[in-house]
1. Would you pick out the residues in the range 117-138 that are surrounded by 13 or more Cβ atoms within 10 Å (Cβ to Cβ) and closer than 16 Å to E227 by Cβ?
2. Applying the selection to the range 162-175, what residues are outside any loop (DSSP other than H, G, I, E, B) and either farther than 14 Å from T62 by Cβ or acidic (D, E) (or both)?
3. Considering only the range 235-264, state which residues are among the small types (G, A, S) and buried (at least 24 other Cβ atoms within 10 Å of the Cβ).
4. Provide a single number: the residues in the range 230-280 that are of a type in the set (D, E) and either assigned to a helix (DSSP H, G or I) or closer than 20 Å to S201 by Cβ (or both).
5. Give the range 81-139 a look and list any residue that's part of a helix (DSSP H, G or I) and charged (D, E, K, R), or say none.
6. Find all pairs meeting these conditions: Cβ atoms under 6 angstrom apart; at least six residues apart or on different chains; first residue within the range 298-312 and under 16 Å from V26 (Cα atoms); second residue assigned to a loop (DSSP other than H, G, I, E, B) and among the aliphatic types (A, V, I, L, M).
7. Can you tell me how many residues within the range 176-213 are touching a Gly at 6+ places or on another chain (Cβ under 7 Å), in a loop (DSSP other than H, G, I, E, B) and within 26 Å of M72 (Cβ to Cβ)?
8. Can you confirm whether G311 is touching a strand residue (DSSP E or B) at 6+ places or on another chain (Cβ under 6 Å) and in a helix (DSSP H, G or I)?
Amino acid sequence: MKNERLDNLLQEGVLDRVYPGAVLLVVERGKTVFFRAVGNAAEHPRPVPMKKETIFDLASLTKPLATTLAVMKQVDGGTLGLDELMGELLPGVAMADKRGITPRMLLSHASGLRDWEPFYTRLDDVPTGKRKQKVREWILASSLLFSPGSKELYSDLGFILLEWIIERKTGRPLDQYLREQLYGPLGVRGLFLYDASRPPSAEKAEFAATEACPWRKRVLQGEVHDENAYAMGGYSGHAGLFGTATDVGAIGNFLLRCYNGSERELLRPDTVQTFFSRQREARDATWALGWDTPSPQGSSTGSYFSEKSVGHLGFTGTSIWMDLDKQVVVILLTNRVHLSRKNDKIKAFRPMLHDCVMEALGFSKERRAKNG
């Protein structure tokens, strides 16, 4: 797909300081139709050109592409139930009013847990190897904001607990489980969870830089941006995944094949269909299981993605959206937080870009029904 307007829009994103650089990958019915890199992967201390192979800190794309994928595999194999109680999944753990929370609630951000807390500011005196467990204990000791299952609040804390559940069920760390059961068999070896004790083998220049971090007092490039993930050793269930646009596209295409029934070896179609289904019908509810769906108004998808679409955003400037009806996957990876997280121009830019992509593919605008 050659499209001058789309090329120009990507370049305008650089000129308008939406981001220093970006990689856009568009796949239609399993075929790559557009793949471009623009701008710079880093601007400090010197410019480094963006490449299609640039490795990105995927931030909250960790939730669907790592943690949720691992839960899918466990549910698919019958070793984890979406409606099992946390009190049964983590036996012997004191959790007060959290016993009735289920994986379904955690995945759909309906657990009642807070959205975020600056745990990293409290971990200095905790030995490195015990920090992740300490954070989990703090979450279980915290107060709920609402009754589990009654409404939605996007929560990092819920995904931190999901990682714990996966560890208990599999007897392995999340990164090892993903390598052995999913990334390895799929041949997606470029995706990895950041481990501060084992720095990545790739050169620093191969990574998209993120923020000039005021806490760590350096420009981050090749290390995880999320402070809580960094303080816990490099990753947790909510953040810490790194990869290229090609890696992200491979997972997206795999899940679409599973959803359609043309791929059955690693995940059953009905499992993926369940995870891609919106969980609540309330007016403000959009969450499926580990995946978001388009909002009736003001969606980051723009105006062309159908109601049967799933996707997710990452704080560093990353996103994946998949239209399940049109069989289109759009992956936009940027370093919009380089050098400052205060740059939020991507909020207005992303839906424009999605519209431009869908217009180039010849689709018509969607009329979405309001929830509730």
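The values are calculated or read from the model by the stated rules, or taken from the named source; none is laboratory data. Note that this is a predicted model, so its numbers are computed, not measured. Neighbour counts run over all protein chains shown; Cβ positions are idealised from the backbone, glycine included.
1. E117, F119, Y120, R122, L123, V126, R131, K132, K134, V135, W138
2. To start, the set of residues in the range 162-175 that are outside any loop (DSSP other than H, G, I, E, B) comprises 162-170, 174-175.
Residues satisfying the conditions are E163, W164, I165, E167, R168, K169, T170, D175.
3. Taking the range 235-264 first, the residues among the small types (G, A, S) are 236-237, 239-240, 243, 245, 249-250, 252, 261-262.
Within the range 235-264, S236, G237, A239, G240, G243, A245 qualify.
4. Step one: list which residues in the range 230-280 are of a type in the set (D, E), which gives 247, 263, 265, 270.
Next, only the ones that are either assigned to a helix (DSSP H, G or I) or closer than 20 Å to S201 by Cβ (or both) stay: 247, 270.
The number of residues fulfilling the criteria is 2.
5. Of everything in the range 81-139, those that are part of a helix (DSSP H, G or I) and charged (D, E, K, R) turn out to be E88, D97, K98, R104, R122, K130, R131, K132, K134, R136, E137.
6. Correct list of pairs: V310/A288.
7. Qualifying residue count, the range 176-213: 5.
8. Numbers: touching a strand residue (DSSP E or B) at 6+ places or on another chain (Cβ under 6 Å): yes; in a helix (DSSP H, G or I): no.
So G311 does not fit the description; no.
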